[in-house]
Amino acid sequence: KKHAEKAMATKVALFGKLPDKCLTCEEPFDKTNKEMVTTWNVVVREKEDVVHLYCPTCWEQALQIIEDFKKHLEEKNG
């Protein structure tokens, strides 16, 4: 029970570190906007005690860059 309480306290503390804008494009984030809350992406790095926030546009661009890089590596390596 103590471990679960400590884990919950850590997660609540990290939620308090949720930024108010996209890390990449700095578009403002409204925690009270249901659409934003359900469509934006949050990346939590517990060990580093960091929370990053990305708007849907920046998130999709990042995924596309990763996909393009994978294809490039596959083509390069045969």
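The values are calculated or read from the model by the stated rules, or taken from the named source; none is laboratory data. These numbers were taken from a predicted model, which means no experiment stands behind them. Protein only, heavy atoms only, side chains kept; ligands, DNA and RNA dropped before computing areas. Shrake-Rupley method; radii C 1.70, N 1.55, O 1.52, S 1.80 Å.
Just one of the listed residues (LYS11, LYS47, LYS70) is of a type outside the set (Asp, Glu) and either open to solvent by less than 90 Å² (accessible area, probe 1.4 Å) or not in a helix (DSSP H, G or I) (or both), and it is LYS47.
Being part of a helix (DSSP H, G or I), open to solvent by 70 Å² or more (accessible area, probe 1.4 Å) and not polar (S, T, N, Q) is the filter here, so list the residues in the range 29-44 that pass it. Correct list: LYS34, GLU35, VAL37. Within the range 50-61, restricting attention to residues that are under 13 Å from the mean Cα position of the chain (by Cα) and either over 20 Å from ASN33 (Cα atoms) or open to solvent by 100 Å² or more (accessible area, probe 1.4 Å) (or both), the residue that is modelled with the lowest pLDDT is VAL50.
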